[in-house]
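Trainee: Structure provided below as structure tokens; questions to follow.
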Amino acid sequence: MMDAGYVALAAPLLHVLAFLILAIVAPLRRLGRPAAYVSILCAAGALAAALNAWRAHAGDQISRIVWTWLPEQGQSLATIGVLADADSTVMLTLVALVSLLVQVYSLGYLSDEPKRALGRYYAYQSLFAFSMMGLVIAPNLLQLFICWELVGLCSYLLIGFWYQKPAAARAALKAFWTTKAGDVGLLIGIVLLYRQAGTFDLTELQVLVANGALPLAGLSIITFCIYLGAVGKSAQFPLHVWLPDAMEGPTPVSALIHAATMVTAGVYLLMRTAWLFALTPDVLLIVAWIGAITALLAAILACIQNDVKRVLAYSTVSQLGYMMTAIGAGFAGAGFFHLLTHGVFKALLFLGAGAMIHAVHSNNLSDMGRLARSMPQTAIVFIIGTLSLAGIPMFGGFLSKEEILGAVWEGGLVGPFIILMLVAFLTAFYMFKAVFLAFFGLAPSHASHAAPSHPHDPPASMSLPLWILALLSMAIGVYFTFTHPEPEFVSPGWLMPSAVGVAVAGIALAWLVYQRRAISADGLARAFSPVYYAAENKFWVDAFFEKVVARGALAFSGAVGWLDRYIVDGVLNVISAWTLTAGDDLRGLQSGKAQDYVYGVAVGVLVLLLWVQFA
């Protein structure tokens, strides 16, 4: 009987098959929609394989299939293969589901793209899905790192898909280099861990930890370096600056990369190595506090955005901070649970925003007044996603948000807990600000905007993924509202009503400010003017990177260039000049006269005789 791990392996292999077909068969790629159909067909097969793998690995079932890689003197330095268990297969299913729905949605959203560009887009999508799935099922840190870098490359290609736009090209480069700053730390951590443990294999490392055989000396440095990789990929402070700018890519790309897959890779990495981080509580404390700070700063920034995609981008950064705080509190399961539910409803929100943008040809909320009348289906699904993100009972994010708050409280992190409660209030506020402005309120600039006067719900290829995600968010919410899984801890009785209460308060404030206009938005901004001013300047983090890091790097590069030109090249140029001069001088000895050569030979013999005589 075939090992169930091979079923999990089939999912990424189908995506890489689609990529190879589109990359090699250029005529097919240039046809556009036929290339899309090939990619979608393979994505559907990958989802079926992932679902079967998830079902086969429910409970404690684990499949580990490895092949020898990098052999040396009869031994293998590393392996490549599959590690399939309950966690990796459910994550595999999430990636497969969102990848398929995004690819179907893209048929309608990118219908006006040139055929060649559409084929290129689906090739990138397939390669990205393969890379992310390879990361999810990696049995060792070396394979994980390779797929990690492939994910970063695909992110660069997809964010910069409209590379003719300077803003998109800059955003792609910013995402690439910012995440690479964290990736350097991850690579250092993996190498140091291999030096200490003698293996890259996750199972072997876990056995060493369980048996107390892993030396603890220097382990905090190792786990902190690994965490740096997660900081870059999962957009944690201060490396969060790339994610909002990445909204320059197509909206389906935002839904795929910045909701359910790439940005969650850092959270997934820490969840997979939670047993290693448990040995370094000092690093976990850093993870928790940076996660809470990230969640708060991003939530504040989301409150002042007028671009609907940037609202969702900062919301993603904030929710990733939520997940990291739970992991830092010592409850990785709670963070992973929120990762899964967040992936569903945040993909729904991004795709819903794409439908709104597709209808009015603008990202700005001020250009989207009263869309509920002309786009009722989009309004319904977007509100479902918003209620899920706000953590309202019966919706997708309700229980996972409560789990995170309970985990942080149980971990004794009172400061981060208070911050996350404030973030819960702000999350409900800024998301319902978007709902009221876009679907119900009439923005002041709406009448003067040149957007189409008759926006409408998207075509079936776009609306079907929206309804699937909306129904799935509802199903998750209803199921977990009435069927509580066995918890890792027992939350205090006041936690749930308090968390729901602050979310309802945020919704009420948004209604008073942006729907009833009972409270002036400008007056509210003036009341919190120091915070508002700091948020308008993005808390000066972007400016720091641009003026200090970027200019410092340029200054350092200039100094290195000067040394190369005037010191290194200068020394070599002097030596070469001396060589040429000496050659010119010695050339005069070659007179071409035989008697001169006889004299030279005689002098040489005389010198040799004298040397033999007196040496």
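The values are calculated or read from the model by the stated rules, or taken from the named source; none is laboratory data. Because the structure is a prediction, the values reported are computed rather than measured. When we count neighbours, we look across all protein chains shown, and the Cβ atoms used for this are built from the backbone with ideal geometry, even at glycine. Accessible surface areas use protein heavy atoms only, side chains included; no ligands, DNA or RNA. Shrake-Rupley method; radii C 1.70, N 1.55, O 1.52, S 1.80 Å.
Trainee: Assuming Ile392 fulfils every condition listed in (1) in contact with a Phe, Trp or Tyr (Cβ under 7 Å, 6 or more places away or on another chain); (2) assigned to a helix (DSSP H, G or I); (3) of a type outside the set (Phe, Trp, Tyr) apart from one, which condition is it?
Mentor: For Ile392, the exception is condition (2).
Trainee: Here is a follow-up. Any idea which of (1) surrounded by fewer than 22 Cβ atoms within 10 Å (Cβ to Cβ); (2) at pLDDT below 95; (3) not β-branched (Val, Ile, Thr) is the one Phe224 doesn't satisfy?
Mentor: Of everything listed in (1) surrounded by fewer than 22 Cβ atoms within 10 Å (Cβ to Cβ); (2) at pLDDT below 95; (3) not β-branched (Val, Ile, Thr), Phe224 misses just condition (2).
Trainee: Go over the candidates Val560, Val541 one by one and state the one that is within 30 Å of Tyr430 (Cα to Cα) and either in a helix (DSSP H, G or I) or within 29 Å of the chain's Cα centre (by Cα) (or both).
Mentor: Values: Val560 fails: within 30 Å of Tyr430 (Cα to Cα).
From the options Val560, Val541, the qualifying one is Val541.
Trainee: Could I ask something else about it? Is one or more of the residues making up the stretch 253-274 within 28 Å of Ala535 (Cβ to Cβ) and open to solvent by 10 Å² or more (accessible area, probe 1.4 Å)?
Mentor: no
Trainee: Related question: When you look at Ala577, is it part of a helix (DSSP H, G or I) and farther than 30 Å from Leu243 by Cβ, yes or no?
Mentor: yes
Trainee: For a quick check of your reading: which helices (runs of 4 or more DSSP H) sit entirely within the stretch 213-306 and have at least 1 residues that are touching a strand residue (DSSP E or B) at 6+ places or on another chain (Cβ under 6 Å) and under 22 Å from Gly343 (Cβ atoms)?
Mentor: none
Trainee: Determine, yes or no, whether Ala129 is small (Gly, Ala, Ser) and within 19 Å of the chain's Cα centre (by Cα). Show your work before the answer.
Mentor: Working: small (Gly, Ala, Ser): yes; within 19 Å of the chain's Cα centre (by Cα): yes.
Spelling it out, Ala129 is indeed small (Gly, Ala, Ser) and within 19 Å of the chain's Cα centre (by Cα).
Trainee: Oh, and also: Select from the stretch 339-364 the residues that are closer than 21 Å to Gln515 by Cα and crowded, with 24+ Cβ neighbours inside 10 Å and list them in ascending order.
Mentor: Matches in the stretch 339-364: Leu349, Gly352, Ala353, Met356.
Trainee: Pull up the stretch 473-507, narrow it to residues that are in a loop (DSSP other than H, G, I, E, B) and surrounded by 14 or more Cβ atoms within 10 Å (Cβ to Cβ), then point me to the one that is modelled with the lowest pLDDT. Walk me through it before giving the result.
Mentor: Let us first name the residues in the stretch 473-507 that are in a loop (DSSP other than H, G, I, E, B), namely 483-494.
From the residues that got through so far, the ones that are surrounded by 14 or more Cβ atoms within 10 Å (Cβ to Cβ) too are 487-489, 491.
Values: Pro487: 66, Glu488: 72, Phe489: 75, Ser491: 81.
So the residue we want is Pro487.
Trainee: Could you check, for the stretch 52-61, whether at least one of its residues is without any contact (Cβ under 8 Å) to a residue 60 or more places away in the chain, under 27 Å from Gly335 (Cα atoms), among the charged types (D, E, K, R) and surrounded by fewer than 18 Cβ atoms within 10 Å (Cβ to Cβ)? Don't jump to the end; show me each part of the working.
Mentor: Our first condition is that a residue be without any contact (Cβ under 8 Å) to a residue 60 or more places away in the chain; within the stretch 52-61, this holds for 52-61.
After this cut, where a residue has to be under 27 Å from Gly335 (Cα atoms) as well, the list is 52-61.
With among the charged types (D, E, K, R) added as a condition, the list becomes 55, 60.
Narrowing further to those that are surrounded by fewer than 18 Cβ atoms within 10 Å (Cβ to Cβ): 55, 60.
Yes; the residues of the stretch 52-61 include at least one that is without any contact (Cβ under 8 Å) to a residue 60 or more places away in the chain, under 27 Å from Gly335 (Cα atoms), among the charged types (D, E, K, R) and surrounded by fewer than 18 Cβ atoms within 10 Å (Cβ to Cβ).
Trainee: Mind listing whichever residues of the stretch 453-472 are outside any loop (DSSP other than H, G, I, E, B) and surrounded by 14 or more Cβ atoms within 10 Å (Cβ to Cβ)? Outline the logic, then answer.
Mentor: Here is the first cut: in the stretch 453-472, the residues outside any loop (DSSP other than H, G, I, E, B) are 460-472.
Passing the criteria: Ser461, Met462, Ser463, Leu464, Pro465, Leu466, Trp467, Ile468, Leu469, Ala470, Leu472.
Trainee: Do the conditions hold for Ile188, that is, is it touching a Cys at 6+ places or on another chain (Cβ under 9 Å) and either open to solvent by less than 50 Å² (accessible area, probe 1.4 Å) or at pLDDT 95 or above (or both)?
Mentor: yes
Trainee: Condition (residue is out of contact with any strand residue (DSSP E or B) (no Cβ under 6 Å at 6 or more places or on another chain), assigned to a helix (DSSP H, G or I), open to solvent by 50 Å² or more (accessible area, probe 1.4 Å) and farther than 20 Å from Leu28 by Cα) applied to the stretch 136-147: is it met by at least one residue?
Mentor: Of the stretch 136-147, the ones out of contact with any strand residue (DSSP E or B) (no Cβ under 6 Å at 6 or more places or on another chain) are 136, 138, 141, 144-147.
Narrowing the set further to residues that are assigned to a helix (DSSP H, G or I) leaves 136, 141, 144-147.
Within this subset, residues satisfying the condition of being open to solvent by 50 Å² or more (accessible area, probe 1.4 Å) are 146.
This time we only want the ones that are farther than 20 Å from Leu28 by Cα, so: 146.
The answer is yes, given that some residue of the stretch 136-147 is out of contact with any strand residue (DSSP E or B) (no Cβ under 6 Å at 6 or more places or on another chain), assigned to a helix (DSSP H, G or I), open to solvent by 50 Å² or more (accessible area, probe 1.4 Å) and farther than 20 Å from Leu28 by Cα.
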